[in-house]
Structure formats: structure tokens, C-alpha cells
Amino acid sequence: QVQLVESGGGLVQPGGSLTLSCAASGRTFSSGAVGWFRQVPGKEREFVATTSWTFGNTYYASSAKGRFTISKDNAKNTVYLQMNSLKPEDTAVYYCAVRLGPVASTSGVYDYWGQGTQVTVSS
């Protein structure tokens, strides 16, 4: 059974930074992809970023490009989302997800999900 545990969320002022972590357990990922998504109440889950476990290719939503960086530590089975220049509209619950296939920006194709971590950007 795969488990994903996110951490690192919190309250930050506009313009600030946060780094989210997603620790995976239950199996070692030698292939597939991991993604970060976010969701606010009343809205659909939104793609943020994704990377391949094996090849390291990364893709970002336009809202994240240039401000967010997804990275991974294969030895620790952990993926990170470094978020800089945060804006109030980045406020959401952030989820990490894993799929046993290539990178994708569609939430429905991901196989495993974490419980989410709240990020609030406010002064």
C-alpha cells in the first residue's frame, strides 16, 4: 500500500516562500511520475507541477512557472515543491500524487494521493 504524506504548509505573507515535501512509502518508485495539485473550496483540483521519477523532466502550470520548482530525492522517495513569490491566490490545500505512468497534468490519471497540506498566503 502506497502512502504519501505532505508537509511544510502554513501561513506566509505575500512575496514569501514555502517548501512543501511529499514523502512516499510502501514502495520504491523507479518509474512513473509525481505531481503537485491544489484545491480551494468550491473549485476543481488544479494542476501545479509534475516530474518523472526516472527522467527528471518537469512541467508546470502557467500560474506556477517561474515561481515554483518541483524536485525529488529518489534515495529518500521524497518530492519537494519550492514556492517563491507567493501570492494570495496561491492559497489552497496542496496535494501530492503519484501515477505509475508518464508525467501528466490531469488529476484523474493519478493512482495515489496524499492527505494534503494547507498553504495560506495572507498579510
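Remarks
- Relative contact order of the stretch 1-103: 35 percent, from C-alpha pairs under 8 Å at least 6 residues apart in sequence.
- The heavy atoms of Arg67 offer some 30 square angstrom of accessible surface to a 1.4 angstrom probe.
- Rotationally averaged projected area of the chain (alpha carbon convex hull; nm²): 6.8 nm²
- Partner lysines for Lys65 [C-alpha distance under 18 Å; skip if fewer than 8 residues away on the same chain]: Lys87
- When the surface is traced with a 1.4 Å probe over the full set of protein chains, Phe68 keeps roughly 10 Å² accessible.
The values are calculated or read from the model by the stated rules, or taken from the named source; none is laboratory data. Quick caveat: nothing in here was measured; it's all calculated off a predicted structure. We work out accessible area using only protein heavy atoms, side chains counted, and drop any ligands, DNA or RNA first. Shrake-Rupley method; radii C 1.70, N 1.55, O 1.52, S 1.80 Å.
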